[in-house]
1. Just add up the charged neighbours of Glu491: K/R +1, D/E -1, any other residue whose Cβ is under 11 Å from the Cβ of Glu491.
2. Compute the relative contact order of segment 359-518 as a whole-number percentage, counting only Cα pairs closer than 8 Å that sit 6 or more residues apart in sequence.
3. Using a Förster distance of 25 Å, how high is the FRET efficiency between Tyr347 and Asp294, based on the Cβ-Cβ distance and rounded to 0.05?
4. Segment 77-125 to segment 360-412: how many Å between their Cα centroids?
5. Relative contact order for the chain: what percent, with Cα pairs under 8 Å and sequence separation of 6 or more?
6. Convert each backbone phi in segment 409-415 into a coupling constant with the Karplus relation 6.51 cos²θ - 1.76 cosθ + 1.60 (shift: θ = phi - 60°), then list the ³J(HN,Hα) values in order as whole Hz, x for Gly and Pro.
7. Spin-label point model (7 Å from Cα, Cβ direction): what's the Leu373 to Ser442 distance in nm?
8. Between segment 311-359 and segment 245-271, what's the alpha-carbon centroid distance in Å?
Amino acid sequence: MAGLAGVGAAPPGAPGPGPAVRPLGEVVPVPASVRPSGAPYTITARTRIHVDHGAPEVRRIGAYLASLLRPATGYALPVTDDGGKGGIRLRLSHREKALGPEGYRLRSGRLGVTITARAPAGLFHGVQTLRQQLPAAVERDSRQAGPWTVAGGTITDVPRYGYRGAMLDVSRHFFTVAQVKRWIDQLALYKINKLHLHLSDDQGWRIAIDSWPRLAAYGGSTQVGGGPGGHYTKAQYREIVSYAASRHLEVVPEIDMPGHTNAALASYAELNCDGVAPPLYTGTAVGFSSLCVDKPVTYDFVEDVIRELAALTPGRYLHIGGDEAHSTSHADYVAFMDRVQPVVAKYGKTVVGWHQLTGADPAKGALAQYWGLDRTGDAEKAKVAAAARNGTGLILSPADRLYLDMKYSEKTEPGLSWAGYVEVRRSYDWDPAAYLPGVPASAVAGVEAPLWTETVSTGAHIDRMAFPRLLSAAELGWSPAASHGWEAYRERLAAQGPRLAALGIDFHRSPQVPWRTE
Ligand code: TNX
C-alpha cells in the first residue's frame, strides 16, 4: 500500500513533543484506498465537531466521537450544527452512491478532518478510522499529553463483505450486560457489524421467555463447572440490542436446536420423548440432547420461543443452531428443520443455521455458518458448496482459523484444541472467497469469529482469547482481497498493541507480531 513509510516518524527513542504522527492508513482493518497528501490536522482545545443540520443520527455519532476523544484530550469538543469551517466534520451525502450503506471517505488537511458517508453506519466506521489515526493514548480515560495529530490525505473505504460478525457464547458461561457492552465496544472499534449471541445450550438458557418461564428461571440457573449462571430479562436484552445498535451492530440471536437443548429439556419434562426431565448439566460434552421431534408440544415451544425472540430483534436474522444433533436421526433432523424454518419466516426473520443445515433443505435466503476445518472431508465441503450454488449464503467461521476459543499454542490458557492451535498468522492468512472449493464468490456473505466459552469464564479470558485474533476476522471481512498480506498486516497489528493496552485489554502477546510500545 502506498504511503505507509513513516509520515512524520521520529527516529526511535528520539525526544520529542509527543508521539509521532501515525501514517495515514495504519489502521485495522486496512482501508480500501489510502492517499497520503498535504499537511496533517491537529485537534486542539478550540476544535469543534460539526454535524449536519437536522440529522439526529449524525449528531448522535458526533456525540459518540466527542465522548471518545474528551477524556484523554481534555478538550471540550462541542458538537454543533450551526455551520462554521474547519475542525472535525461529519456529513451525509446521498449522492455518494459508491460508498454504499457502510462506506465512508475521510479527508484530512491543515484545517480539519471531514468524514463523508452515504449512511450513518459509514460515518460511524469513519469515526473508528479517525480514532485509530490518533495516538493510542487517546483511548485512555484520563487526560494525556498530545499533540492529537491526524496525517493528511484521503481514505476512501468500503467493506468487502456485509456480514462481519463475532459470536459470544453466553450459555456455557454467563456474561453480564456490562461485559457484553464492553465486547460490543471492542467489536465496533474494528468495524464488526454483527453480534451473534449463543443464547441457549445444554448448560444454560439465557433469555427470558414469558410463555415458558422455567427456561430462564431454572434452565438458566447454572453453567459449566456449576456456577450460578444467569439470564437476561427482556429489559436487559433490549438494553443490549439498543447498545449494539448505537454502535451500528445488529444482534443475531441464536437458540440452538434440536440438539444442544438440555437446559430446555431439564426445565420442561413434556419436551422429552419419555416425559422425564433430565438433570441440569454443567459438563462440556456435546451431542447428547435432542428436542422430541415427534411431539406436537415441541413445535408449540419452538413457535413461542421464536415469536418472543423475533419481537426482541430489530435485526434481520434469527439463528436456529442445528449443529451436532448427534442424538437426532437424519430423517428427524430434516423433518424438524422443515417445520421450524417456516416459523422463522412467519415472524419476519431470515434463518441462519450452522452448516449442518445444508444436510437438510435450507429455506430460501437462509445463511449457513461453516465451522469445518481445512481437514474436513471433501464430501461435507461439497454439500456446503452445493447448497451455496443453490442460493444458500455462507458465513465462514472455519474452526481452525476463526474459533476464538482455540488455544494459541500448547502453552497458552485458557482454550480448547480440538481444531488445533490457532496462532495469529493462521487466523489471518486465508481467503474467504477461495476457502471452500466450488463456492461462487457471491455466495459468501462474510465471516464470523465465534467465542465459545467452555473454558472462558471471565472478562480477562474474553480479552485474551479475542485479542488479537478478532482483528484477523475484522480485516478479512472488511478489507479488499488485494490488500491481503501477512507482512504488512503484522506491522499494522503491532501498532494496535499500545491501543489495546490503553483500553485495558490484556491481549495475547503473540511471538509472531513485532509489538510496539508507544
Ligand atoms: C463446536 S461449533 C460446537 C460448540 C462448541 C465448540 C467448542 C459448533 C457449531 N458446535 O458446541 O462449544 O465446538 O469449540
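What follows draws every value from the coordinates through simple rules; no lab data is involved. Values in this document were obtained by computation on a predicted structure and should not be read as measured data. Here Cβ is always computed from backbone atoms with ideal geometry, including for glycine, and neighbour counts include all displayed protein chains.
1. For residues surrounding Glu491, the net value is +1.
2. Contact order relative to length: 21 percent.
3. 0.60
4. Answer, in whole Å: 37.
5. 14
6. 7, 3, 8, 8, 10, x, x
7. Computed distance between label sites Leu373 and Ser442 equals 3.4 nm.
8. So the two Cα centres are separated by 11 Å.
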